[in-house]
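The values are calculated or read from the model by the stated rules, or taken from the named source; none is laboratory data. Note that the structure is predicted; figures quoted are calculated from it, not measured. Cβ placement follows ideal geometry from the backbone for every residue including glycine, while neighbour counts extend to all protein chains displayed.
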Amino acid sequence: MTYFDVDWSPRFNFGGPRSTNGLKGVCVHTSEGNPSITAENLANYQLTSQTGSYHVIVDLTGKRLRENTDDWVTWSSGNQGNNILLHICFTARADWTRQQWLDQHKMLYAGATVVAHWCKTYGFPARKVDTRSLPGILGHDDTRAWGGTDHTDPGKNFPYDVFAQMVNDVLNPDAPQTPGGPVADDKLTAVHQKVTGRYKSRVPGSTYEDDMLGYIHQIDWAVFEQGQQLKRIEDLLKGGK
């Protein structure tokens, strides 16, 4: 399985060698600059500035540029993630909406072929994890648990569910494909927005606002508290007899 279109690994000499025996998963990043930048231009900037590096960059056209081989420590996460993870960077932004990500199907699919190669080579499951549940796929944001970084890419709206399914589809091309396409993606986006969106309270004078899960917790607490109040009233009535 060819997982890159352009190989610049001979040009990158900052970082250092490592064994691939201890690799635990894949870390997803975003470049945070102009999303239209080409993979070559981003790689060239990193070469000249030596401010960071990845194993593979994927741009909006779906071009996959290898910056470093798997057995090379990159300057990606600012912590032990550099030593135990493989790093892929999309020329995108962490503030993108879920729909903006889904609109870049070519880029996501190209990235999925890279991650599928790594999953097959090293036995990683194609699933979203955090630092406590490796092996799998996680984001730069997740590696903050190890310290050394305050980055939040690829952002809260990165569609890990869709991306992991793409990886699985690449790994299992003969398996029945999960229904998808624009209609399914639009429905997923609508559900995601309704669940994660924040809503103002309808109680007159209240400034409270929360997402759907927060309101469910509020209802749960209110029901419990109402039950406690009724019990106290019942005890008072019994005591007055």
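Key figures
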item	result
Condition met for T69 (at negative phi, touching a residue at least 24 places away in the same chain (Cβ under 8 Å) and of a type in the set (S, T, Y))	yes
Qualifying position, being within 21 Å of R127 (Cβ to Cβ) and either modelled with pLDDT of 65 or more or among the small types (G, A, S) (or both), among V170, V203	V170
Some residue of region 16-33 being in contact with a helix residue (DSSP H, G or I) (Cβ under 9 Å, 6 or more places away or on another chain), over 21 Å from N79 (Cβ atoms) and assigned by TED's automatic domain parsing to the domain that holds Q104	yes
In region 135-155, residue surrounded by the fewest Cβ atoms within 10 Å (Cβ to Cβ) [restricted to those that are over 14 Å from the mean Cα position of the chain (by Cα) and not aromatic (F, W, Y)]	D150
Scan of region 17-41 for residues that are in contact with a Phe, Trp or Tyr (Cβ under 8 Å, 6 or more places away or on another chain) and loosely packed, with under 12 Cβ neighbours inside 10 Å, ordered by number	P17
Residue match in region 95-112 (condition: at positive phi, of a type in the set (G, A, S) and assigned by TED's automatic domain parsing to the domain that holds T38)	no
Failed condition for R11, given (1) touching a helix residue (DSSP H, G or I) at 6+ places or on another chain (Cβ under 7 Å); (2) surrounded by 13 or more Cβ atoms within 10 Å (Cβ to Cβ)	(2)
